[in-house]
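Comments concern the structure below.
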Amino acid sequence: MSYEVELSPGGEVFEVADGETILDAALRQGINLQYGCRHGNCSTCKYLVEDGEVDFGRASAYSLPDSERDDGYALLCCAKPLSDLLIRDNRRPDARAKPFLRPAEQTGAVGACTQLTDELWEMQVAVPTPLAFYAGQFAELGLGDGDGRTWRSYSMASAPASASTLSFLLKRIPGGAFSGRLDSLAAGAPVTVRGPFGSSYLRDGDRPVLMCAIGSGLSPVLSMLRDAAGRGDPRAFTVFYGAKRPGDLPYREEFATLATRLDLRYVPTLDGLQADDAWTGAVGTVTQTIQREVDNARPFDAYLCGAPPMCDTVGRLLLAKGLAEHQLFFDRFFAAS
Ligand SMILES: Cc1cc2nc3c(=O)[nH]c(=O)nc-3n(C[C@H](O)[C@H](O)[C@H](O)COP(=O)(O)OP(=O)(O)OC[C@H]3O[C@@H](n4cnc5c(N)ncnc54)[C@H](O)[C@@H]3O)c2cc1C
């Protein structure tokens, strides 16, 4: 049975099919509600249900405590309607948002899977229908069949210009339901690709850009830089990338090449150096290095990508250094489970 959802006060109406989440239904019909992780963990898609009943789904107690459920809030990425609904639309206008790209699902094929560092792997996926996306967006990749399929979110590392062969940078977690299978995935293995998703994509403009990532958070940063280099973007880019040791820094040659095509300052910063590591670059966490190197964040557009605690800490630091909230974009890599 399908239900109707009305957004208040705008009056926009959309249908939610049987078994569908409210967020999926909205995106399918071209209504770009606000959302983040799509797994009930980040609470970006928390909306007030003014009228009607919902099944809250798998929203975590951390992102949606009982008191908020009692007050009528729901996470739309997990919630399914049990009646027609009236939902308060709390989207903030974004003057620099690009036209909405409707997510779609297709079956692709795994290409090369390459280990880059102790934990990071690059995975190529060929898709039969070119995927239109903005640099910085993510896709959901599914391994397996039917209800048993494992879905995980991964940000594209390739530029949108390479729409038929996508590349992803994955942190391999031993035992992880998706990444734990990386070394046994045969070339040509089917992988379902659903997307694009996300609003932390590279905005147009003439402000200098500050990017900060740790671990596989480098994936959307690479996509944005590759895209900018391909378009001859004249802005100044400063990239802070945090890792433990020199061997944890992938794509060193590519960063050198990108610096010949962009006004790019790449600042890898290491916080797990050992006595025998040869290193003359920045030392410390990304937060410590940004604290030292950035006096005034006001001029920048900033993109923070990777582990949520890092994004939150660096976000607070940049706001304290004068960055305006609407110039700050987060790609928080919440774990699915
Ligand atoms: C919008 C978005 C974009 C993302 N983009 C990327 C990306 O480009 N590259 C990438 O590698 N990840 C990305 N992630 C994170 C990734 O989707 C999750 O880490 C996912 O849970 C990994 O699945 P898995 O099969 O490896 O491990 P799971 O089976 O999900 O988890 C196994 C165990 O590891 C823990 N765990 C899961 N992820 C992490 C982690 N990152 N660090 C430490 N412990 C963890 C879990 O809590 C669990 O205990 C993104 C997440 C979001 C929400």
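The values are calculated or read from the model by the stated rules, or taken from the named source; none is laboratory data. Not measured: the values here are computed from a predicted model. When we count neighbours, we look across all protein chains shown, and the Cβ atoms used for this are built from the backbone with ideal geometry, even at glycine.
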Considering only the range 152-164, how many residues are touching a Leu at 6+ places or on another chain (Cβ under 7 Å) and in a strand (DSSP E or B)?
3
Here is a list of conditions, (1) more than 25 Å from LEU185 (Cβ to Cβ); (2) without any contact (Cβ under 8 Å) to a residue 40 or more places away in the chain, and SER164 meets all of them except one; can you say which number that is?
(1)
Which condition breaks for ALA187 when tested against (1) away from the ligand (no atom under 16 Å from the Cβ); (2) not in a loop (DSSP other than H, G, I, E, B)?
(2)
Just one of the numbered conditions (1) over 24 Å from ASP204 (Cα atoms); (2) within 16 Å of the ligand (Cβ to nearest atom) is not true of GLN274; which one?
(2)
Identify the single condition in (1) within 8 Å of the ligand (Cβ to nearest atom); (2) in contact (Cβ under 8 Å) with a residue 24 or more places away in the chain; (3) more than 12 Å from the chain's Cα centre (by Cα) that ALA132 does not satisfy, given that it satisfies every other one.
(1)
Among (1) of a type outside the set (Val, Ile, Thr); (2) touching a Ser or Thr at 6+ places or on another chain (Cβ under 7 Å); (3) under 23 Å from PRO93 (Cα atoms), which single condition is GLY242 missing?
(3)
Hey, can you tell me all the residues within the range 21-50 that are in contact with a strand residue (DSSP E or B) (Cβ under 7 Å, 6 or more places away or on another chain), surrounded by fewer than 22 Cβ atoms within 10 Å (Cβ to Cβ), closer than 16 Å to CYS78 by Cα and among the charged types (D, E, K, R)?
LYS46
Pairs returned, first residue in the range 6-24 that is within 18 Å of ARG92 (Cα to Cα), second residue that is of a type in the set (Phe, Trp, Tyr), beta-carbon separation under 8 angstrom, 6 or more apart or interchain, are LEU23/TYR35
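Where in the range 68-124 are there strands (runs of 3 or more DSSP E), lying fully within it, with 2 or more residues that are charged (D, E, K, R) and surrounded by 17 or more Cβ atoms within 10 Å (Cβ to Cβ)? Please lay out each step first, then the result.
Numbers: elements: 73-75, 85-88, 104-115.
It comes to none.
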Of residues in the range 314-335 being within 16 Å of the ligand (Cβ to nearest atom) and in contact with a Cys (Cβ under 8 Å, 6 or more places away or on another chain), the one farthest from CYS212 (Cα to Cα)
PHE334
For a quick check of your reading of the model, give me the residue pairs whose first member lies in the range 190-210 and is within 21 Å of ALA157 (Cβ to Cβ), whose second is among the basic types (Lys, Arg), with beta-carbon atoms closer than 6 Å and at least 6 apart or on different chains.
ARG203/ARG96; VAL209/ARG235
Is there a residue in the range 103-117 that is assigned by TED's automatic domain parsing to the domain that holds GLY144 and either over 26 Å from ARG149 (Cα atoms) or of a type in the set (Lys, Arg) (or both)?
yes
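Quick one: which residue in LEU273, LEU262 is more than 21 Å from ASP227 (Cα to Cα) and either without any contact (Cβ under 8 Å) to a residue 12 or more places away in the chain or surrounded by 13 or more Cβ atoms within 10 Å (Cβ to Cβ) (or both)? Break it down stepwise before answering.
On the way: LEU262 fails: more than 21 Å from ASP227 (Cα to Cα).
Among LEU273, LEU262, only LEU273 is more than 21 Å from ASP227 (Cα to Cα) and either without any contact (Cβ under 8 Å) to a residue 12 or more places away in the chain or surrounded by 13 or more Cβ atoms within 10 Å (Cβ to Cβ) (or both).
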Since SER167 meets every condition but one in (1) more than 9 Å from the ligand (Cβ to nearest atom); (2) in a strand (DSSP E or B); (3) farther than 23 Å from LYS98 by Cβ, which condition does it not meet?
(3)
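Where residues in the range 135-159 are of a type in the set (Asp, Glu) and free of Cβ contacts under 8 Å to residues at least 40 places away in the same chain, which of them is surrounded by the fewest Cβ atoms within 10 Å (Cβ to Cβ)? Before the answer, list the steps.
Taking the range 135-159 and keeping what is of a type in the set (Asp, Glu), we get 140, 145, 147.
Restricting the remaining residues to those that are free of Cβ contacts under 8 Å to residues at least 40 places away in the same chain gives 145, 147.
On the way: ASP145: 9, ASP147: 5.
In this case the residue turns out to be ASP147.
On the basis of being modelled with pLDDT of 95 or more, surrounded by 13 or more Cβ atoms within 10 Å (Cβ to Cβ), touching an Asp or Glu at 6+ places or on another chain (Cβ under 8 Å) and not assigned by TED's automatic domain parsing to the domain that holds GLU12, does SER162 make the cut? Outline the logic, then answer.
On the way: modelled with pLDDT of 95 or more: yes; surrounded by 13 or more Cβ atoms within 10 Å (Cβ to Cβ): yes; touching an Asp or Glu at 6+ places or on another chain (Cβ under 8 Å): no; not assigned by TED's automatic domain parsing to the domain that holds GLU12: yes.
No; evaluated as a whole, the condition is false for this residue.
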Could you tell me how many of the residues in the range 290-313 are more than 16 Å from the ligand (Cβ to nearest atom), within 26 Å of ALA157 (Cβ to Cβ) and not β-branched (Val, Ile, Thr)?
5
Within the range 190-209, count every residue that is within 15 Å of the ligand (Cβ to nearest atom) and assigned to a loop (DSSP other than H, G, I, E, B).
4
